[in-house]
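This report refers to the structure that appears directly beneath it.
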Amino acid sequence: MGRLRLGVLVSGRGSNLQALIDACADPAYPAEIALVVSNVAGAFAVERAQRAGIATAVLPHRDYPDRAAFDAAVHERLTGAGVGLVCLAGFMRLLTPGFVDAWHDRMVNIHPSLLPLFKGLHPQQQALDAGVRISGCTVHFVRNEMDAGPILVQAVVPVLPDDSAEVLADRILGAEHAAYPLAVRLIADGRVRVADERAIISGGDWRAAPMMVPGCGP
Ligand code: GRF
């Protein structure tokens, strides 16, 4: 069977994209990046993709009359590249319901908190304000509600007394770079199904890795 073809949507520095590029560099990894789409010209993520010899499409959203037209253009590029899974990786645009529905259970996002806590902007500052002792990141299937959808993988980090939002963000980012490639691998290996809006992972004994728990399943 061929590798799962990923379309990665980015807007910024692209460190999660880099983690996926690095994972895909292993021929044994079950996915490959078919296309990177950026809505921001000059995003460092685009440079990372080009450096790795990956096809890129820069579609500045202001070139389109409305969100639907922009999303239609992105959709066309993704389908044209034979993408099977869309990975949002620091993509700073809200997607229209039409787009989200078209990629139902075929689009994932990573968010730097343990969802459903701290949705939306500045989740690291939200974690500090709440005084929680642990935080982390979540990879989840995308739904129309922001930062919601069946959870694939969560990775946990401590929140330390002296943390600033930046320091905590960096620590969480390290966890993100492990969690995202793991979640994509689980999907690409055909081990994920969604039932009652929960992602169920088959196979594997996750008790050995209690800090990164992708969820149910023996
Ligand atoms: C990450 O923290 C991710 O969780 C959030 O946006 C940030 C993107 O960082 N959705 P990068 O562009 O992947 O470095």
Whole-Hz ³J(HN,Hα) from phi, Karplus 6.51 cos²θ - 1.76 cosθ + 1.60, for segment 11-26, glycine and proline x: 9, x, 6, x, 6, 5, 4, 4, 4, 6, 4, 5, 5, 5, 5, 7
Förster radius 25 Å - calculated FRET efficiency between residue 92 and residue 68, Cβ distance, rounded to 0.05: 0.90
DSSP-loop GluC sites (Glu not before Pro) across segment 116-209, with at most 15 other Cβ within 10 angstrom: 145, 197
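Sum -39500 (n - 2.57) across every DSSP H segment of at least 4 residues in the chain, then divide by the residue count to get the 222 nm mean residue ellipticity, nearest 500.
About -10000 deg cm²/dmol.
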Distant-in-sequence amide H partners of residue 194 (H built 1.01 Å from N, under 5 Å): 200
Anisotropy class of segment 1-103 from Cα gyration tensor, a/c 1.5 cut: oblate
Surface accessible to a 1.4 Å probe, per residue, for the residues of segment 1-145, Å²: 45
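Output the peptides 146-152, 48-54 sorted from most to least packed, where packing is the average of other Cβ atoms within 10 Å over each peptide's residues.
146-152, 48-54
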Listed residues 73, 23, 45, most fluctuating in the chain (Gaussian network, C-alpha, under 10 Å): 73
Mean Cβ count within 10 Å, highest first, over the residues of peptides 113-119, 33-39, 189-195: 33-39, 113-119, 189-195
Rounded to the nearest 10 Å², the accessible area of residue 29 at probe 1.4 Å: 10
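In whole percent, and with a 1.4 Å probe on the protein chains, what portion of the accessible area of the chain is carbon and sulfur? The partial results should precede the final answer.
Numbers: 5730 of 10300 Å².
The C+S portion of the solvent-accessible surface of the chain is 56 percent.
The values are calculated or read from the model by the stated rules, or taken from the named source; none is laboratory data. These figures come from a predicted structure and were not determined experimentally. Positions of Cβ are generated from backbone atoms using ideal geometry, with glycine treated the same way; all protein chains shown enter the neighbour counts. Quick note on the areas: whole protein, heavy atoms, side chains included, nothing else; ligands and nucleic acids left out. Shrake-Rupley method; radii C 1.70, N 1.55, O 1.52, S 1.80 Å.
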